[in-house]
Each structure stands twice: as C-alpha cells, then as structure tokens.
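Everything on this sheet refers to the single structure shown next.
The values are calculated or read from the model by the stated rules, or taken from the named source; none is laboratory data. Treat the numbers as computed from the prediction; the structure is a model and nothing was measured. Positions of Cβ are generated from backbone atoms using ideal geometry, with glycine treated the same way; all protein chains shown enter the neighbour counts. Side chains are part of the model used for accessible areas, which takes the heavy atoms of the whole protein and leaves out ligands, DNA and RNA. Shrake-Rupley method; radii C 1.70, N 1.55, O 1.52, S 1.80 Å.
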Amino acid sequence: MTDHPTQGELEDFVWKRLPSERVRVIVSHLIRGCESCSAFLAPHFNALHGEGMPPERVLSAQESAEYDSVMERTIRRISRISQRAADVLEGRKQEALSLLAVSGVEGLPEAPSHLRGVPLFEALLARSWSLRHEDPGEMVRLAEWALALAQTPDFAELSERQTADLRCRAWMELGNAYRVADNLAEAEKALAKATEVFVQGTQDDLLSARLFDIQASLYSDRRRFDLAGAAVDMVFSIYKRHGDDHMAGRTLISKGVYTGYQGDSEEAVRLLEQGLALIDEHRDPRLVYVALHNQARFLVDCDRLREARIALWKLKSRGLDPGGRINELKVRWLEAQVNAGLGELDRAEQALAEVQRGFEEIDLGYKAALAGLERGSLLLRRDKTAEAVPVVLEAADVFMALGIGREAGASVLLLRKTFEQQLADTALLEYVIDLLRRGEEAAG
C-alpha cells in the first residue's frame, strides 16, 4: 500500500493527538489491511485500550469518541497479524528443531535462509533447555551456538533494542547452562554480561523475570538462600502483575525450596502448598512432581511423617514422570526415611538397601555411601551391631576416597576409627549423617 502515515503520525494516533480528519484517513488505511502500520501499533495495545499515560494532553471527549467505533476492529486486525506472525515463527522454529535433530549443530551453516535468524536462535535455546536433565555438556554447547548466532548480522528485521534483548537471552541462558553443568564461575560471568546487555534493550518485564529467576538459582547453588529468596520475590511480583498465575506459582515453589534449605521447613511447606494451588499441571507436569517431592521432604524435616507419607502417595498416584532413575531413587530414599521415622524399621532398611544399590549402579558414590550410613544407623537401632559395623565402615571408606571437605572428613575419620574398634557410637553416626546430608543437598 502507498501513502503510509509517518511514524510520528502513528504515535499521535495512539495518544489521540491528531485532528479528526487525519484520524479517519489513518483508520481507513489500517482497515484496508496495511500490515506494516498495524505491526508498528502492535506494541501499543495498552495505549489503544486507554490504559497508558500520554505524554501530552489528549483531544476533547468529542474527538476521542471518533476512535471508539473503529478501535475494536483495529485491535482485532493487529491481533490477527501478530498471531499470524507468531504462528509462522513457531512453524519455522519446529522446522529448525528437526534440522538440529537430524544434522546437529554441524549442519547449521547449511540451514535454508528462511530458518536463519530468529527461528534458528529459538530452536537452539529450546533444544539446549530440553537437555538440562540428561546432558548438561551439550546444553552448554547449544547455548554457546545460540550466543554466537545472536552476534551475527542475521537479525536485520529487529530493532537495535530488540537485538539487545535477544543477546541478553543468549547470555542468560548460557549462564543457566553453565550453572546446570556446575561451572558456577562461568555462570556468574555470563549473567553479569546478560545484565549489562539487558539495560541496552527494551528492559522488558518478563525478560527481567527470567534473568532474576536464573540469578536466584545461581544464588541457591552458592548457598546464598537469603539472596535467592529476595530475587524470587521480585520474579513473583512481575508474574502476578502480568496475571500469569502458573509462573507465579512456580516462583513460590522455588522460594519454598530455598526457604527449606535455610532451615525453615514449616514455612517451606506453606509456600509449596500455595505454589501448587496456582500452577497448571498440564502446562508443566514435571513442576508438580518437584513440588510434591519437596513438600514430602520438608514434611519429614518437620517431623510431620504421616503427612509426608500422604504427599508421597499423591506423588506416585498421579503417575507423574520423575525425570529419570536418580529422581526415582530419591523418592524411594524419602520413603525409607518416613518408614524409619514411623518405626517401620524393616521396611526402611529394605528401601535403603535398594537405594544404596541403585546409586552404586549409576556411579553416584556420595549418595550411595550416605544411604549406607543411614542403613547402618537403622541396623544399630535394631540391635544388629555386627551387621552395622561393616556397612558403616564401607560407607566411610567411600567418603574418605571422595576427598570430602575438612570438617566432614575429620568427622568421618573419627567415625571410622570408632567403628573399627567396635565402639559403635549412635550419636556420632547420626551427627555425621546430618553433616553429610547437608553436603548432599548442596550438591543436588
């Protein structure tokens, strides 16, 4: 179409600063189907609805009334254009994901032109995120490719600030990938860069929520749960402001976990319950699993064992995907602790033996040895000292071989010497278990 209104006129149209004759011309132009002008107006929905604050005085009520008869059609038109654009981008993203599945990142230079730029960038980040539970190294590699792509000139259709937003996303998702891969120093550097680039962009609310969310996870990994809690408070307020109850609930679940790690298990349970009430199970079933598992875990810490058993029953009855063998073993481990706390020592010992074998089979020596110490403690409670001693000594040998920290190492050595001399000390064993359990929580 020809005779497009200028950008200045479109801005004046948004804020009702044009004479009525020119308003009619622009409305007619939009209704005839000008996609470029409609696309320009797409970010101004709030103002078109009268929710924004204009920089100058608006027109009279009579002049403003002329907008009302056509505004609904204009907004519908812009919405259709935006939805069509989103559908096209999603289709191309899925095509790019298929290309990645077949050719890997090595095939990216041969990607067709219509997939270059945003579709390929979104596909790289989506594929990177999907690998977080199974291949952290590949998660990092794909995020690095996304960052490299974000720094190419393949995004000419984006404004300078939109390009900055895209690069911010690349940096922060790379930072998260480093964090998942336990490279916390590089994660911190990447998130610092993401923050630097963020202020160069549109400073979008939801983008900042994602940045704060990842930063909270990094704080948690560094055992700074107070800072993690402050960060998720900000994230929660953003999602509530945007009316996204699911993401607000997800944030409460994160805060519940951080609160529990700080030792306030009762408050952690309360936050997890609030979060579960807000989230959409169909949108993220894995999140429901995480929330119920942690709820049961903190109920055990509160000595609310029967409620913990109910939470575990709910977890199993929903048929939720635990996300792998490790998580299955963690649930079985929690069941053993509940059984032990309720005095069902036979069942608890059987479960701990299964957990210990399971972790040994997948080469998670720390977790296997910790389950072994707990099993040794149960054997002592059952007056089976002769059986307990070799179990405890074997677990102690594993911890000594792993080169654990100074405080834990000294305590394990003392435990080992005590049991070698047949002086089984239940209080010392429980102290060491508690100390090592905190270390296991820190390691995830």
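Some observations on this one:
- Area accessible to solvent at residue 242, 1.4 Å probe radius, in Å²: 90
- Whole-Hz couplings from phi, Karplus 6.51/-1.76/1.60, listed for the range 153-162; x for Gly and Pro: x, 7, 10, 4, 6, 9, 6, 4, 6, 5
- Pairs beyond 27 Å (Cα-Cα), from 193/330; 255/316; 189/255; 193/255: 193/330
- Measuring with a 1.4 angstrom probe and ignoring ligands and nucleic acids, residue 195 comes out at about 70 Å² accessible.
- Gyration tensor (alpha-carbon) shape descriptor, the range 212-315, a/c threshold 1.5: oblate
- Accessible area in the full protein assembly, largest first, 1.4 Å probe, for 236, 419: 236, 419
- Three-way shape label, the range 183-270, alpha-carbon gyration tensor, a/c 1.5: oblate
- In order along the range 231-237, the Karplus-derived 3J(HN,Hα) couplings, from 6.51 cos²θ - 1.76 cosθ + 1.60 at θ = phi - 60°, round to 5, 6, 4, 5, 4, 4, 5 Hz, and Gly and Pro are given as x.
- Once both labels are positioned 7 Å from their Cα atoms along Cα-to-Cβ, the gap between residue 362 and residue 347 label points is 2.4 nm.
- Karplus-derived 3J(HN,Hα) values for the range 224-230, using 6.51 cos²θ - 1.76 cosθ + 1.60 with θ = phi - 60°, are 9, 5, 5, 5, 4, x, 5 Hz; glycine and proline are entered as x.
- Listed residues 302, 34 arranged by accessible area, highest first, probe 1.4 Å: 302, 34
- Solvent-accessible ranking of 282, 4, largest area first, probe 1.4 Å: 282, 4
- The share of Cα pairs per 5 Å bin across the range 300-444, counted from zero up to the longest distance, runs 2, 10, 19, 22, 21, 15, 7, 3, 1, 0 percent.
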